[in-house]
1. Count charges around A:Ala18 for me, please; just the other residues with Cβ under 12 Å from its Cβ, Lys/Arg as +1, Asp/Glu as -1.
2. Compute the length gained on full extension between C:Lys11 and C:Lys39: take 0.36 nm times their separation in residues and subtract their Cα-Cα distance, giving the result in nm to one decimal.
3. Springs between alpha-carbon pairs under 10 angstrom, Gaussian network model over chain C: which of C:Leu285, C:Leu158, C:Leu374 fluctuates most?
4. What is the sum of charges around C:Ser56, taking Lys and Arg as +1, Asp and Glu as -1, for the other residues whose C-beta is under 10 Å from the C-beta of C:Ser56?
5. Suppose a student asked you for the relative contact order of chain B, using Cα pairs under 8 Å spaced at least 6 residues apart; what percent would you report?
6. Enumerate the helices in chain F for which the Kyte-Doolittle hydropathy averages 1.0 or more and the C-alpha atoms extend at least 15 Å along the helix's axis, using complete DSSP H runs.
7. Just how many pairs of Lys in the stretch F:2-116 have C-alpha atoms closer than 21 Å, counting pairs that are eight or more places apart or on different chains?
8. Can you grab the distance from the C-alpha centre of the stretch C:241-270 to the C-alpha centre of the stretch C:181-211, Å, no decimals?
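Each value in this text was obtained by applying a stated rule to the coordinates, not by laboratory testing. It should be emphasised that the depicted structure is a prediction, and the values quoted were computed from it without experimental measurement. So basically every Cβ, Gly included, is an ideal-geometry build from the backbone, and we count neighbours across all protein chains shown.
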Amino acid sequence: MDLENQKRIKDLTEKHGAENIIVVFGAAEGELSGLAAETVTVGDPTYAGCLTDVSLGLGVYHAVEPEFKSACDPNVFDEQVGMMEMVLDVDDLINETSVIRNEHSQFNK
Amino acid sequence: MVKGIESTGIPVAHICTIVPISKTVGANRIVPAVAIPHPLGDPKLVEEEEYKLRRKIVNNALKALTTEIDDQTVFQ
Amino acid sequence: MKLEIGNIIIKDVKFGIETKVDNQMLFINRDEIEALVLKDDRIKGVSIELARPGDSTRITPVKDVIEPRVKVSGNGAIFPGVISKVDTVGSGRTHVLKGAAIVTCGKIVGFQEGIIDMSGPGADYTPFSNLQNVCLVIEPIEGLKQYEYEHAARMAGLKVADYVGQVAKDLEPDEVEVFETKAIQEQVKAYPELPKVGYIYMLQTQGLLHDTYVYGVDAKQIIPTIMYPTEIMDGAIISGNCVSACDKNTTYHHQNNPIIKYLYARHGKDFNFTGVIITNENVYLADKERSSNMTAKLSEYFGFDGVIISQEGFGNPDTDLIMNCKKIEAANIKTVIVTDEYAGRDGLSQSLADADVKADAVVTGGNANEVIVLPPMAKIIGTDAYINKVAGGFDGSLRSDGSIEVEIQAITGSTNELGFNKLTTKSI
Amino acid sequence: MSVFENKKYILIGDRDGVPGESLKAVVETIAGSEVIFAATECFV
Amino acid sequence: MAYKVIHYINQFFANIGGEEMAHVTPEIREGAVGPGLGINKAFKGEAEIVCTVICGDSYFNENTEAATKEILELIKPYEADAFIAGPAFNAGRYGTACGTIAKAVQETMHIPAVTGMYIENPGVDMFKKELYIVETSNAAVGMRKALPKMSALTLKLMSNEADLDPTIDGYIPRGIRKNYFAELTGAERAVDMLVKKLNDESYTTEYPMPVFDRIEPGKAIKDLSKAKIALVTSGGIVPKDNPDRIESSSASKYGTYNIESVLNLTGDNYETAHGGYDPVYANDEPDRVVPLDVLRDLEKEGVIGSIHPYFYSTVGNGTAVKSSKEFSLEIAEKLRQDGVDAVILTST
Amino acid sequence: MITVVSNNPLVKKHRSDIEYLNNKDYLDVLIRTRDLIHQNYHLVTHPLSSNFLADQTCYKTVVLKQESSFDLKSLEIIERAIIMVKNSLLTRDQRIFEEAILRDLQFVDYEIIKNTL
């Protein structure tokens, strides 16, 4: 994940408290979503950013996951995400992201 | 060396004694030379003859540089 | 041409009062064999020794290994054109003393290696450690010329193999295998839907000590020709090759060519095995060009879709191998080549003396330069002169405990290029 | 009440997937949500 | 007791900064930093990173010799059992640095060294023969997969497990040919391979033929009479007494020599530094290696436009020409900037 | 017209007009051969004739023919042969320097090449 964004997330988490935060990803590939999810839960798996070895344990979701989808207004969701939902490998995205959430998210599962 | 230079797009004529090695190092325009200790000369020849020999090889190299090629080519 | 091979399984060998097979045991009458060899007045003495799998025995320097066989029915006799009259073999029935071999030993020129260890780590590298071996250690008369000596030793081995093989004539084989290849037109019609496959059999033919004979003809004088696979199985090709222990084809290898065996095994299922082209490996570049032109032309003529090309020896034959491969591929025929490697003791050097991108399907019999330590053996079968030299450890190969450190190229058949063994090489 | 209501959201969109802007529009339909950061990354 | 391992990373992975901080000089930190944390996890207590060396990529590549020496000094007191560098993924200078330092450590400290790179990283070609280079993806997203492989290989090397296999241990084959006994005989394998080839199925050759390293040929020169031609040699022709001390074999540097006012190279002023052949013929008449005399005449006659005022010289023996890649890029860049149209490269 | 490059005294004995490299080794013969190939000589015999590399023999005879053009195939063959022979020198078997063995090795080298002479 972008090094600058790592820094922002770290600061925001300190400010607002991990229990109050949910991170939502729009990544196009399962692996990338998984990596990003890992970064904000157990730490940066690429060992390049400031979240290296920092476990924020944030709640993580990909936009196409059913739990998240059902919490949103269906019309807006269709309008904003529907198109991408058709072209992306939804199963892969759900799988990669939920595995990390189930294992490593401390909050908002 | 050949590859390094040619990667910038500048054509290179490689005058070398060991054609197979020239091929393996990726030269495209290959001009065989005389022999290892004296690639562009032959001490057995008199001076003018030797100059002629050298000039022939250099001309070959120039011919190579002005010839459009797609594949490794040896210019005799 | 249809050949039946009847295998009589041999599980042990012993000296006896009569040369015969009894209950899978081969008995050898030592005196008879000795007398047979000594009929040749170029041979001063011969000692007959037995070596069995598992024995603490080292045989060296090995010249040839021959499987004892007898022709029961059909044209010709064993080793046609060499010890029997020239007749086309490859049909009818042949009996084999399966599991037995005649091994000839002799120092023809220089020092020749060629080690068969009957036990220990070296035994894993040679197929002959699994056989009941009757060894002939041949001593020539004083001053015998190298050519004559080589010829005498070659003939002795073949004659003894023939003699011992005779005992199988009236025996009931334990198993019978049948091999058949028809004339080309018919053979093609037999499996019209299957790809036609041929085998290019390269024979070592560089000159003295590096020779192979086909129906008695020195193969360096042939131009490539086509043969039925069963002719080769029936003894049409014999070895006169004394060098390059690891990758020379002994007569045993020719008699039991594994490529022919496995091509037959899948014949009629995966492809139609239609014939063998034999070719040579001469030292003249013009010969190399001519012979490889011929193999390519014949492959095309017989309509092969694919061929396996096997090599014998290394160095300049690598050039023949690559020429054959390139020219046959250029005729749109798919090739697989079988070779071995000389990549240095560290495995880091150039493996072959020739190379081409067209050779994209290679089977290798191993790096012949890899070093192995052979432990001392209780018994050594071989010529004294040679053993003294090894014992002297000229190149420092003899270690204080009596073991020797050698490259596996010293072991007979270790990197065989007919794919006889399981040994191979990978890049690490 | 679902876990999604009354939370602060960090949104990491993807140029080749769902962009940050779209995520934002969707999240804002959740009761009590607050987007505290939204970005569109170009994942490599 | 757990094995002790030293880890090398660049400024980026040490969180010092990107390109703007690439000049930082070597520093050492106790314990693991950045990717080292992941390596430690993968070691599962069997080994531990005792210190991390950090060096800026620019600093290392611009001061290779000095940087190598400094780093070796820094890590010496730790008496480690192994050295890990990177992984460098597709970062060219980081890859070169990882390869250079890993090789130096391996040679001077006699401990195994492991690094990781993407297959196209130039460091792979330079070091794969000498080093175990774990194959990684081309960017840091591959870190998760690279670290366990690098750790496992390092553990194997430290425990002297002999049987390494690139297909199992994940490193780039070093080109060492090693014997082993296969499941099937060679003849069976040959027949299998032929069947696959006939059916257009994939098969694996047991001996891949050496492949030629190729690059697109440069475009031919249209008008020779306007072309600026440069002379480059790997034959080691240098001004008398070899002012740049170019080594006599597989040189690690090159010389740049002005020939603006030189009509031909004579034995009085030039000689060869090349140690690979009998130097008499080249020393007598250096034009035999760098044909300046002929080229000057051709310039005078108008056959060619001009001769580049400098010629470049180094020493390369046979295939070692390949390893001169690093500085050949430097020479190439200078030639390009100076508007050279074509090069005549001579090798002995 | 052929040219014979050899360090084998037995070859010299049978044919006097050869380029005889007295007291030189296998590799020297190949290097001289290579230099001749650069001067438009073509190989007539393969430089790795016989199955002995330099670990097992020190004698070598190569037959060449002068032509008007350069032959790339000859050069490729000799260059690869030089690499192999250089490598085999590293593991040379010292037994070859025994008097009787030297004579045998001369004989084998001569026998293989004699038809060309």
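1. Numbers: positive: A:Lys10, A:Lys15, D:Lys7, D:Lys8; negative: A:Glu14, A:Glu19.
Net local charge, A:Ala18 excluded: +2.
2. Values: separation 28, 0.36 × 28 = 10.08 nm, distance 2.99 nm.
Between C:Lys11 and C:Lys39, full extension yields 7.1 nm more.
3. Most flexible of the set in this elastic network: C:Leu285.
4. Numbers: positive: C:Arg58, C:Lys379; negative: C:Asp55, C:Asp117.
Once all neighbours under 10 Å are counted, the net charge is 0.
5. Numbers: 104 pairs, mean separation 24.5, N = 76.
Reported relative contact order: 32 percent.
6. Numbers: long enough: F:26-38 (19 Å, 0.26); F:72-89 (26 Å, 0.72); F:99-113 (22 Å, 0.44).
Counting only whole DSSP H runs, no helix qualifies.
7. Number of lysine pairs found: 17.
8. 12 Å
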